[in-house]
Structures are given as C-alpha cells and as structure tokens.
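Below is one structure, written out as structure tokens; the observations come after it.
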Amino acid sequence: MQILLVEDDPVILAGLQTTLTNENFVVNTVSSGEDAIFQAKISPPDIVVLDIGLPDINGLDVLQAIRLNSPDLPVLLLTARDDISDKVKGLNAGADDYITKPFEIEELIARLRVIERRLGTATNSCITVGNVSLDTDTYVVKIDGEPLDVPRREYMLLKALMEREGSVLSKDQLEKKLYAWGEETSSNAIEVHIHNLRKKLYKDFITTIRGIGYTIKKS
Ligand code: CA
C-alpha cells in the first residue's frame, strides 16, 4: 500500500515516514502543495495523507486539484487547527477522512487501515484465500492454520496480491507497492520475492500471467 505523505514540517514528516514504513506502508513524501499535485498526477499512490497548512498552496485547494485528475483517490486530511469549518470544507471538497493534530499515531494507522480495507476485497483485518490467511493487524501469514516465516517485502507482495484476489498486477504495480522512491531495488526483485513465496505456499497459489504480471486466482 503506497502512501503519498504531504507535510511541510520536517520533524512530523520524518516521524510519520518512519512509523508508517515500520507498519509496512510504502511512504513517499513531498513538502509542498505544488509537488503533491504533480506527484499525485504522474504517479498516483493508493492513499494521500495531506496536511492542510502548507506553505505554498492551501491543502484544501491541493485536494481539489488532486480530485480533478483522480476522482477516486482516497485522501486523508491532517489539520492543525481544531477548526470545524476546515473539516466541513475538507469533507465537502471530497476528503475521505480527516484527523486533527496533535493525534496519536495509532489513530492515523487505524484510519489508514479502514481506507485500505475499502480499497481491497477484505472486510476485516484477515484476508483469506484458499488455505492461506494474512492478518493485516498482526502481519501473520498462515497456511492451513500454521504460521509462516514471511519477511517484510514478501509479506507486502503477498498482501498486494491477496487483497486484489482475481486481479492481475504487473511487475511495475507490485514494485510501487513494495518500494518507496529512491529505494534500491534490483530489476528482478519481484521475481525473487515471488520465487521465495512459492517455496513457502502451495505451488500454484501465485500464477504468472506471461507478459502481464501475477495473480492469485479466486478460490
Ligand atoms: Ca503544516
């Protein structure tokens, strides 16, 4: 799950980036409204976390600009002011949710998980396909009820495929869900992760669609 984090305060930005990355989100960051609008257009993330108080363009105007290009892209607003009119304006402008600073990081994570669930097929924290289950709260993957040892990137890849069960995801789409901008990755990283997962899961759990990508067929 890739987040575009828009925040001009460098301390808050760094803190959120570290914490959300530890929670297995892929976090790309920008510090201005102009950059936010540009990046949301050329490389749309799964979710935008958008500070309202930005130095160049008001966050609400950024939201409207993003909405023009991406009507369905979920946006969660961060507002410093406990100002009801900002919240109403934000929701009217198409924000999916808002959170008032200062907030507990756990609350932000919980709200991101709600948006994430709405984007995927899962109705609760546990995604199950066939005999394989994946819990997005505890990061535990089980096969036939037995926990598997799945490192972070493999977990993120498996989650991306399981939450879009039946859909084919290209290598490019998967890379976006596993790596933030500037994170070093070899050209065959996805193939290596798929190979490792296949050794742990049922042989045909992940299907290669030649020339297109990978899928987990509906059980
Ligand atoms: Ca700010």
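The values are calculated or read from the model by the stated rules, or taken from the named source; none is laboratory data. Computed from a predicted model, the values in this text were never measured in an experiment. Reconstructed Cβ throughout: ideal geometry from the backbone, glycine too, with neighbour counts over all protein chains shown. Please note that ligands, DNA and RNA were not included when accessible areas were found on the heavy atoms of the full protein model with its side chains. Shrake-Rupley method; radii C 1.70, N 1.55, O 1.52, S 1.80 Å.
Can we say I127 is away from the ligand (no atom under 14 Å from the Cβ), open to solvent by less than 50 Å² (accessible area, probe 1.4 Å) and part of a helix (DSSP H, G or I)? For I127, the condition - away from the ligand (no atom under 14 Å from the Cβ), open to solvent by less than 50 Å² (accessible area, probe 1.4 Å) and part of a helix (DSSP H, G or I) - is not met. Of all residues in region 24-37, those satisfying the criterion of being of a type in the set (S, T, N, Q) and not in a loop (DSSP other than H, G, I, E, B) are N28, T29.
Quick check: is even one residue across region 127-140 farther than 30 Å from G59 by Cα, free of Cβ contacts under 8 Å to residues at least 60 places away in the same chain and in contact with an Asp or Glu (Cβ under 6 Å, 6 or more places away or on another chain)? Among the residues of region 127-140, at least one is farther than 30 Å from G59 by Cα, free of Cβ contacts under 8 Å to residues at least 60 places away in the same chain and in contact with an Asp or Glu (Cβ under 6 Å, 6 or more places away or on another chain), which makes the answer yes. Scanning region 13-24 for residues that are modelled with pLDDT of 95 or more and under 19 Å from D97 (Cβ atoms) yields L16, T19, L20.
Do you know which residues across region 69-94 are at pLDDT below 95, within 16 Å of the ligand (Cβ to nearest atom) and of a type in the set (V, I, T)? Of everything in region 69-94, just one residue is at pLDDT below 95, within 16 Å of the ligand (Cβ to nearest atom) and of a type in the set (V, I, T), namely T79.
When R153 is tested against the conditions (1) exposed (fewer than 14 other Cβ atoms within 10 Å of the Cβ); (2) not hydroxyl-bearing (S, T, Y); (3) not in a strand (DSSP E or B), the lone failure is (1).
Looking at the structure I just gave you, is T208 among the β-branched types (V, I, T), in a strand (DSSP E or B) and out of contact with any Pro (no Cβ under 8 Å at 6 or more places or on another chain)? Yes; evaluated as a whole, the condition is true for this residue. Residues in region 38-62 that are in a helix (DSSP H, G or I), away from the ligand (no atom under 14 Å from the Cβ) and buried (at least 21 other Cβ atoms within 10 Å of the Cβ): A40 only. S187 falls short on exactly one of the conditions (1) open to solvent by 60 Å² or more (accessible area, probe 1.4 Å); (2) at pLDDT 95 or above, and that condition is (2). Can you name every residue in region 17-37 that is over 17 Å from G182 (Cβ atoms), open to solvent by less than 30 Å² (accessible area, probe 1.4 Å) and within 15 Å of the ligand (Cβ to nearest atom)? Across region 17-37, the qualifying residues are S32, G33, A36.
Just checking, how many residues over region 104-126 are among the hydrophobic types (A, V, I, L, M, F, W, C) and touching a Ser or Thr at 6+ places or on another chain (Cβ under 7 Å)? Walk me through it before giving the result.
The first filter runs over region 104-126 and keeps only residues among the hydrophobic types (A, V, I, L, M, F, W, C), leaving 105, 108-110, 112, 114-115, 119, 122, 126.
Those left that are additionally touching a Ser or Thr at 6+ places or on another chain (Cβ under 7 Å): 105, 126.
Of the residues in that region, 2 qualify.
Consider I66 carefully, then state whether it is assigned to a strand (DSSP E or B) and either open to solvent by less than 20 Å² (accessible area, probe 1.4 Å) or away from the ligand (no atom under 16 Å from the Cβ) (or both). Against the criterion (assigned to a strand (DSSP E or B) and either open to solvent by less than 20 Å² (accessible area, probe 1.4 Å) or away from the ligand (no atom under 16 Å from the Cβ) (or both)), I66 does not qualify.
Keeping to region 69-115, report how many residues are among the acidic types (D, E) and surrounded by 12 or more Cβ atoms within 10 Å (Cβ to Cβ).
Applying the first criterion (among the acidic types (D, E)) to region 69-115 yields 72, 82-83, 86, 96-97, 104, 106-107.
Checking the rest, the ones that are also surrounded by 12 or more Cβ atoms within 10 Å (Cβ to Cβ) come to 83, 86, 96-97.
Residues meeting the conditions: 4.
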